[in-house]
1. Helix-only mean residue ellipticity at 222 nm, the chain, DSSP H runs n ≥ 4 weighted -39,500 (n - 2.57), per residue, nearest 500. What is it?
2. Starting from the Cα of Ala117, step 7 Å along the direction of its Cβ; do the same at Gln69; then give the gap between the two resulting points in nm.
3. Using a Gaussian network model of the chain whose springs link C-alpha atoms within less than 10 Å, name the residue from Arg132, Arg25, Arg221 with the highest mean-square fluctuation.
4. If you average 1/r across every pair of different Cα atoms in the chain and take the reciprocal, what Kirkwood value do you get, in Å?
5. Taking the Cα centre of the chain as origin and charging only Cβ (+1 Lys, Arg; -1 Asp, Glu), how large is the dipole, in debye to the nearest 20?
6. Once the principal axes of the Cα atoms of the stretch 1-60 are found, what is the range along each, listed largest first in whole angstroms?
7. Express as a percent, rounded to the nearest 5, the fraction of DSSP beta bridges in the stretch 3-257 (both residues included) that run antiparallel.
8. Quickly rank 57-65, 90-98 as a protection proxy: mean count of other C-beta atoms within 10 Å, highest first.
Amino acid sequence: MNDEALLRYSRHIMLAALDIEGQQRLLDGHALVIGAGGLGSPVALYLAAAGVGRLSIADADVIEISNLQRQIAHRQADLGRNKAESAAAAASALNSDCEIVPLTAHLDGETLATAVAAADVVLDCTDRFASRYAINRACVEVGRPLVSGAAIRFSGQLAVFDPRDPQSPCYACLYPPAADDDDDGDDELRCAENGVIGPLVGLIGCFQALEAIKLLSGAGRPHRGLSTFDGLDGEWRRFNVPRDPDCPVCGVSARAAR
C-alpha cells in the first residue's frame, strides 16, 4: 500500500481485528455481487469503499423509475441503463483503484459456474428462488462462501453459507427445493408484486457487505445461522440452522456423487 491507500483505509487499519494485514487481504480479494438492485446497490458501494481489489457485478436488468425508491447506486439519469453498468460506474466513482467489472448478461449454467469459481466470496442479492438455488449450488460445488440476503415488505433476512466449514448448511438446507424442482410461486416474494420499504434493503445489504468484508479480511468470525429483521417492530431474531445430512445439494449423498 502506498501513502494514499494507507490514508484512505486508515479507519480500517486502526481496527485491531482487521489491521494492515486484513486491509491488504481486502485489496487482494475478489467479490462477486449477483444482483445490482436494492441489496446489490449498498453491497457494491460499501465493498468498493472498503477497498476490495476486484468487484464483479452481475445483473442483466435495466433501471426503471420504480427502482429509484431503494436502489441507491442508480440515479434518475440512469433510467434505461443496465443495472450492472450503472452500479459499476457508481462504485468506480467512489474508488477508482478498485477493478470493477460489470457482467451484463444473465449468469446461468457455465457462465455462473465460471464467475463463482473466479471469486473469493459471492453475494446473492437476487430476488428469485430459482436464482438463489442456482447460485447456492455453484458455490457448494467449488467451495465458495455465499452471503445471502433477502428483503420484502418490512421483513429482511441474512445468512452466510460456507462450504469450507463442515458444520455450515447451504441455502437448500434452509429452504429445501420442491420435489419437482419447479419454480412455482417464485414471483410471490418479489418486490414488484409485494412492495418493500426502501431503507430495509439498505440495512440488509450493509449487513451482507459487512460479512463479505469479514470473510475476505479474516476479521472476526462469519455470521452463523439465520438472522431475520422485522422493520415494523425494529426487532432482530436469530435462528440456528444445522446442515441437513440429506440435503440434495450439500448432503452426504450429494457430496459422494460429485
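1. Helix contribution divided over all residues of the chain: -11000 deg cm²/dmol.
2. 4.1 nm
3. In this elastic network of the chain, the residue with the biggest mean-square fluctuation among Arg132, Arg25, Arg221 is Arg221.
4. After inverting the mean inverse Cα-Cα distance, the result is 18.5 Å.
5. 740 debye
6. For the stretch 1-60, the Cα extents along the three principal axes come out at 37, 20, 17 Å.
7. Close to 50 percent.
8. Highest mean packing first, the order is 57-65, 90-98.
Values in this text are rule-based calculations from the coordinates and carry no lab data. Values in this document were obtained by computation on a predicted structure and should not be read as measured data. Neighbour counts run over all protein chains shown; Cβ positions are idealised from the backbone, glycine included.
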